[in-house]
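For reference, the structure is listed below as structure tokens.
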Amino acid sequence: MHDVLERQPDRVPVAMGRVRLFDHALGAYLGLALGDALGATVEFMTPREIVHHHGVHREITGGGWLKLKAGQVTDDTTMSLALGEALLRAQREGRPFDRGLMADAFVDWWRGQPVDCGNTCRRGIVRYLTEGTLEGPPHDGDGGNGALMRNLPVALATLGRPEVLRSASMAQAHITHHHPLSDAATLAFGQMLHVMLTQAEPLMALPACKAIARDLTARHPSFSYEPYPGRATGYVVDTVQTVLHHFFAAADFESAVVGAVNQGGDADTTGALVGMLAGARFGAQALPKRWLNKLDRSIRMAVTEQTSALLALALAP
Ligand code: MN
Ligand code: MN
């Protein structure tokens, strides 16, 4: 990995060192998987039900409505991995960020019988299969968090290229979700990843993220998250409020993720997204070892390899 990073020192304006870049990118991707695995246990529960059954839910135990094994992840992580593979394949085939390959990857993912699949994702994949269209018309019902939850690989592959982040994020999003609030959130979270992974001065990473959040809420006031309204559903507004509130309120990775998933609702997805942001902020070294030890080994390996490959793509000439 370090060889790859050394080879193209100027391609990405990465002021932080190469080793640190890899650690924080890996922190984001493993953080996504850990939040997914932790939150899935309490997905669709209310905060009261979680207190009743778990007290504070803070261990990766599996179970939940999907009856998962401890450390098993759901669509949030596996769809991200599918999208990341599509980006790598597109690069290999000389069709960088090809939208058809992204859509094909979602189809293959769906045919592989994932443990869960959101309704809007399923509808978009079926539309692509039946009509061949790479996006549907803008739709009020597309305001779920499904495009937001899987955009991490796009952010990694486009480091240092904000315009490609925008176009590739919208390309992958619109295959299943075509909604202005989904678009705005997907892009804003991608921009937060970019500033945290490329910020020269670590102390400036959080203020830079807050500036992006301020811009998001200025353009779309429905995302305002302070005071926190306390809803954590799969509607992208509720998801973003839950994730940003806990990300900015917490002083460390574990308390950010624990805070979000104990709101219940779409807890695997809020857990995944706050894990992604907090992992990018604090790095893989800061992830709880007892959670990493529980995480499905094949997922941990796939995430690690893909992080490395996507950074190499970003750094390629
Ligand atoms: Mn899920
Ligand atoms: Mn979910």
For ARG122, work out the one condition from (1) in contact with a Lys or Arg (Cβ under 8 Å, 6 or more places away or on another chain); (2) of a type outside the set (A, V, I, L, M, F, W, C); (3) assigned to a helix (DSSP H, G or I) it doesn't fulfil.
(1)
Counting only residues in the stretch 17-46 that are part of a helix (DSSP H, G or I) and charged (D, E, K, R), the one farthest from the chain's Cα centre (by Cα) is identified as ARG18
Does GLN191 satisfy the condition of being surrounded by fewer than 23 Cβ atoms within 10 Å (Cβ to Cβ), touching a residue at least 12 places away in the same chain (Cβ under 8 Å) and assigned to a helix (DSSP H, G or I)?
yes
Residue in the stretch 138-147 that is of a type outside the set (Val, Ile, Thr), under 21 Å from LEU310 (Cβ atoms) and out of contact with any strand residue (DSSP E or B) (no Cβ under 8 Å at 6 or more places or on another chain) present:
yes
Determine, yes or no, whether THR176 is polar (S, T, N, Q), surrounded by 21 or more Cβ atoms within 10 Å (Cβ to Cβ), more than 15 Å from the chain's Cα centre (by Cα) and outside any helix (DSSP H, G or I).
yes
Given the criterion within 16 Å of ligand 2 (Cβ to nearest atom) and modelled with pLDDT of 95 or more, identify the matching residue among LEU187, LEU148, LEU129, LEU165.
LEU148
Please go through the stretch 269-294 and pick out each residue that is out of contact with any Phe, Trp or Tyr (no Cβ under 9 Å at 6 or more places or on another chain), under 26 Å from ALA208 (Cα atoms) and not small (Gly, Ala, Ser).
THR269, THR270, GLN285
(1) in contact (Cβ under 8 Å) with a residue 24 or more places away in the chain; (2) part of a helix (DSSP H, G or I) all hold for CYS117 apart from (2)
Those residues of the stretch 65-80 which are in contact (Cβ under 8 Å) with a residue 24 or more places away in the chain, farther than 19 Å from ASN119 by Cα and within 16 Å of ligand 2 (Cβ to nearest atom) amount to LEU68, GLN72
When only residues in the stretch 280-305 that are surrounded by 23 or more Cβ atoms within 10 Å (Cβ to Cβ) and under 26 Å from PRO96 (Cβ atoms) count, which is nearest to ligand 2 (Cβ to nearest atom)?
VAL303
Select from the stretch 208-238 the residues that are over 18 Å from the mean Cα position of the chain (by Cα) and among the polar types (S, T, N, Q) and write down the one among them that is surrounded by the most Cβ atoms within 10 Å (Cβ to Cβ).
THR217
Anything in the stretch 47-64 that is surrounded by 12 or more Cβ atoms within 10 Å (Cβ to Cβ), part of a loop (DSSP other than H, G, I, E, B) and either without any contact (Cβ under 8 Å) to a residue 60 or more places away in the chain or not charged (D, E, K, R) (or both)? List them, or say none.
HIS57, ILE60, THR61, GLY62, GLY64
The residue from GLN241, GLN263 that alone is touching a Phe, Trp or Tyr at 6+ places or on another chain (Cβ under 7 Å), more than 25 Å from GLY160 (Cα to Cα) and surrounded by 21 or more Cβ atoms within 10 Å (Cβ to Cβ) is GLN241
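The values are calculated or read from the model by the stated rules, or taken from the named source; none is laboratory data. For clarity, every value in this text was computed on a predicted model and none was experimentally measured. Here Cβ is always computed from backbone atoms with ideal geometry, including for glycine, and neighbour counts include all displayed protein chains.
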